[in-house]
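The values are calculated or read from the model by the stated rules, or taken from the named source; none is laboratory data. Since the structure is predicted, the reported quantities are computational estimates derived from the model, not experimental observations. All Cβ positions, even for glycine, are placed from backbone atoms using ideal geometry, and neighbour counts span all protein chains on display.
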């Protein structure tokens, strides 16, 4: 069974701090997505990474796909209260259409 | 309407009731999905439809019955549910199965009493 473990599970930080969220698996994925979900809403896609070692930046968010395509990280610089939410990673195995979702990281940024 | 819409947003039903959840996507996608999101558990894929054909049933109990009349609409018919079925039910779509991005609706918060 493919699993995506995210860490930390919960994170509460002050506005302006930096943070990193990790998404790890023993399985290889052909692509990996990061989503953010706010209370009462569905997940919203932030980014897709495809190539091992790939780094993508979205304003203050930096996403990296591991060289072996088994893990990924999300780094937020100078966090803001608007970054608060549940961050989910999801992987797609090559040749399948099954999306495996991670366990989630619940982030709270205090003003 | 844009994106993926779901109705109702909230639903309370008894264990003997029959109800249906509706999902509509306005993105021209060909694949649609039902997910279950429970507290403290990862998102669980329930059903996958590609060009109206069901391609995945992830061992979902028969009290959940999906229907996909066309590529834009997806229903989840509910019958004799259990309290442990209470969860957020999310619909998603993508251009086709296996493509990278999925677009989610806001979900239906279901409570079974």
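Values computed for the structure shown
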{"read-out": "Hits in the range B:56-74 (condition: within 14 Å of chain A (Cβ to nearest Cβ) and either touching a helix residue (DSSP H, G or I) at 6+ places or on another chain (Cβ under 9 Å) or exposed (fewer than 15 other Cβ atoms within 10 Å of the Cβ) (or both))", "value": "B:57, B:58, B:59"}
{"read-out": "Residue satisfying condition, being farther than 26 Å from residue A:29 by Cα, in contact (Cβ under 8 Å) with a residue 24 or more places away in the chain and within 14 Å of the chain's Cα centre (by Cα), within set B:110, B:81", "value": "B:110"}
{"read-out": "Residues within the range B:75-104 that are under 18 Å from residue B:5 (Cβ atoms) and crowded, with 18+ Cβ neighbours inside 10 Å, tallied", "value": "11"}
{"read-out": "Residue under evaluation residue A:79, criteria (1) in a loop (DSSP other than H, G, I, E, B); (2) at the interface with chain B (Cβ under 10 Å from one of its Cβ atoms); (3) crowded, with 16+ Cβ neighbours inside 10 Å, criterion not met", "value": "(2)"}
{"read-out": "Hey, residue A:9 within 13 Å of chain B (Cβ to nearest Cβ) and loosely packed, with under 13 Cβ neighbours inside 10 Å or not", "value": "yes"}
{"read-out": "Residue that is nearest to the other protein chains (Cβ to nearest Cβ) [pool: residues in the range A:86-103 that are at pLDDT 95 or above and surrounded by 20 or more Cβ atoms within 10 Å (Cβ to Cβ)]", "value": "A:88"}
{"read-out": "Answer from B:13, B:46, B:32 - the residue that is away from chain A (no Cβ under 14 Å) and surrounded by 13 or more Cβ atoms within 10 Å (Cβ to Cβ)", "value": "B:13"}
{"read-out": "Hits in the range B:75-113 (condition: more than 14 Å from chain A (Cβ to nearest Cβ) and within 25 Å of residue B:28 (Cα to Cα))", "value": "B:75, B:76, B:77"}
{"read-out": "Unmet criterion (only one of (1) within 21 Å of residue B:96 (Cβ to Cβ); (2) at the interface with another protein chain (Cβ under 10 Å from one of its Cβ atoms); (3) surrounded by 17 or more Cβ atoms within 10 Å (Cβ to Cβ)) for residue A:29", "value": "(2)"}
